Amino acid sequence: MKLRPFLSLTLAGMAFSALAQTHAEGVEYYEADQIDNAKELLLRNHNLSGTDKAISYYYQGLIALKQNNITLAAENFNKGAETNPEYPYNYIGLGQIDLMGDTPKVADQNFKKAESLAKKDVGVLVAVARAYDAVDPVKYAKEIDKLMEKAHKKDIKEPAIYIFEGDRLAREQKYGEAGAKYEMALSYDPNATAAYFKYANLFSQVNPQYGINMLQKLLQLNPNSALGQRSLANAYYQQSMFKEAADEYGKYVKNPNHFKQDEDRYAFLLFYGQNYQDGYNYASQLLKNDPNNFTAKRYQFMNAAQLPAMADQLLPMAEALYADHLKDSKNTFAPIDYLLIADEMQKAAAKTDDKEQKEKYLSEAASVLQDGIKNMPTNASFYKQLAMLDVDRNDMAGASEAYSGYLENTKNPGYNDMIQASVFAYYAGVQYKESDPAKANAFFTKAGEYADKATEEYPGMYRPLKIKGDISLQQGNNEEGINYYIQAIDKLEGMDGDTSRYASDAKNMYNAVGNSYLDKKDNATAKRYFNGYLKYDPNNTDYQKFVNSL
């Protein structure tokens, strides 16, 4: 009877159902080189009915060797041999430990015992070769070559041969040759599970679609493979195919062999795939099973925030989620958590007429964003939202400082960014004009600098000159301010297209310049600018009468 643990436990060979939980799932992960996941499944399923404990111990022993725990490895191999003395592979594991202890003769005795127990199993020869290779591929090159030559002669169609040869080539970064070996394994046995995963991994970077195709073929053979479902879902995710990834994860999380942490990934994919109702329902189901699942709470709230029907429930959800975050340092947030929670608090502030309650909500929102900045100081979105929040609080100095933080953490800020920063600094200056003139002038200077940067970004726009005119007028430099307005008007009049959207600025500037010329007794020039005002407000009959009287 052929045992071949590396390949006899292929998907089709195992034919495990969607509900099966045995050693086989852990073996599958081990063969795919996912050691930590293999360990978790082997331990999880070790005592379940259907698990062959001799096989389970063997793979647990191999994992212990990879994790440099020789004592545990020996313990597992010995338990496996005691459980089933006729199962050959645990003797190979013990032989590998003997090699590591530099006792090759003792190792050889264990290897020969394994071969004697499965004389027709070519997989045993390959497993012994793997043991030599794992210890020292150079020192034991002759032994490895001899074993592989023997394996080829015994059964040239044995896929384990080509998977091992492919692994060695991949280790030497000969990826093309390694891929060819994995293809050979599949040509001899389309159910050679490990070959699919190893081949897909080789192509995950250079040709992701090819890797996806391989995983799809695997799942055609056995749609219930948890590893296949998980790997395909992750392959889709790496290519930003969020809908496809979510669909595959939807199958995977129903598989009893899924990992708890992958439930979070599924919730994430439902949200970013814009499946908000499904995402909310899934997160809610997770919370029924575990009310303390912080990640489920996060995604429940994130999805709810996108559902109009949930609007009235969002504030208490946001407050409870933030309280949980503060309660335990392990309850970490992503940027979107901070932004959505702060946004709900700002919305609550906008809905109330109670000044104290409004300030409470705005203060809480500010604390949330400041917490975000503390934990992720380079995230520009926090600074921008905090600036807008400070505007709501009528704290223009705070808005200006926060927006400066936004610019500092934004790659290549543009014209609109500079204009916004200039406007915030200008109004901060106005706010401090009476109470702290020095501070006001510092903000006015800052506003002017941002206006100059905006001009550098977009020389044809009038707005930076208008802002500089506003600053000069606030500082009492009336003639300078009017000159800036005149330059801004020239820019505005030279702009192509419809300028009606700038009506408010235009009327302000035309009126101010017209009055300045009126003061100088230059009625003709004043009238010209007043007529410019009327272009943006043609139905203002009172203003028309005033102009006609000049």
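A few notes on this one:
- Per-region count, the stretch 96-129, residues farther than 19 Å from Lys157 by Cβ, assigned to a helix (DSSP H, G or I) and free of Cβ contacts under 8 Å to residues at least 40 places away in the same chain: 19
- All positions within the stretch 409-429 that are touching a residue at least 12 places away in the same chain (Cβ under 8 Å) and either within 21 Å of Gln346 (Cβ to Cβ) or within 31 Å of the chain's Cα centre (by Cα) (or both): Asn409, Thr410, Gly414, Tyr415, Met418, Gln420, Ala421, Val423, Phe424, Tyr427, Ala428
- Note on the stretch 429-481: among residues that are farther than 27 Å from Glu408 by Cβ and of a type in the set (Asp, Glu), the one that is surrounded by the fewest Cβ atoms within 10 Å (Cβ to Cβ) is Glu434.
- Inside the stretch 263-274, residues that are buried (at least 16 other Cβ atoms within 10 Å of the Cβ) and in a loop (DSSP other than H, G, I, E, B) make up a count of 1.
- Search result, residues across the stretch 367-407 that are over 22 Å from Ala438 (Cα atoms) and not in a helix (DSSP H, G or I): Met376, Pro377, Thr378, Asn379, Arg393
- Residues that are under 30 Å from Tyr462 (Cβ atoms) and aromatic (Phe, Trp, Tyr) are absent from the stretch 352-361 altogether.
- Single match in Thr445, Thr455, Thr525 (criterion: part of a helix (DSSP H, G or I), among the β-branched types (Val, Ile, Thr) and farther than 21 Å from Val423 by Cβ): Thr525
- In the stretch 494-507, of all residues being closer than 23 Å to Phe546 by Cβ and touching a residue at least 12 places away in the same chain (Cβ under 8 Å), the one that is surrounded by the fewest Cβ atoms within 10 Å (Cβ to Cβ) corresponds to Ser500.
- The stretch 441-472, residues that are within 17 Å of Asn515 (Cβ to Cβ) and in contact (Cβ under 8 Å) with a residue 24 or more places away in the chain: Lys466, Gly469, Asp470
- Positions within the stretch 64-80 being in contact with a Phe, Trp or Tyr (Cβ under 9 Å, 6 or more places away or on another chain) and buried (at least 23 other Cβ atoms within 10 Å of the Cβ), in sequence order: Asn76, Phe77, Gly80
- The single condition among (1) surrounded by 15 or more Cβ atoms within 10 Å (Cβ to Cβ); (2) at pLDDT 90 or above; (3) under 28 Å from Glu143 (Cα atoms) that Ala32 does not meet is (2).
- Residues of the stretch 275-312 classified as part of a loop (DSSP other than H, G, I, E, B) and without any contact (Cβ under 8 Å) to a residue 24 or more places away in the chain, total: 4
- Only helices (runs of 4 or more DSSP H) whose full extent lies in the stretch 158-234 are considered here, and the ones with at least 3 residues that are touching a residue at least 60 places away in the same chain (Cβ under 8 Å) are 159-171, 193-203.
- Hey, Pro190 surrounded by fewer than 21 Cβ atoms within 10 Å (Cβ to Cβ), in contact with a Leu (Cβ under 8 Å, 6 or more places away or on another chain), of a type outside the set (Asp, Glu) and under 30 Å from Lys119 (Cβ atoms) or not: yes
- Any chance Gln261 is of a type in the set (S, T, N, Q) and in contact with a Phe, Trp or Tyr (Cβ under 6 Å, 6 or more places away or on another chain): no
The values are calculated or read from the model by the stated rules, or taken from the named source; none is laboratory data. As the structure is a computational prediction, the values presented were derived from the model and not from experiment. All Cβ positions, even for glycine, are placed from backbone atoms using ideal geometry, and neighbour counts span all protein chains on display.
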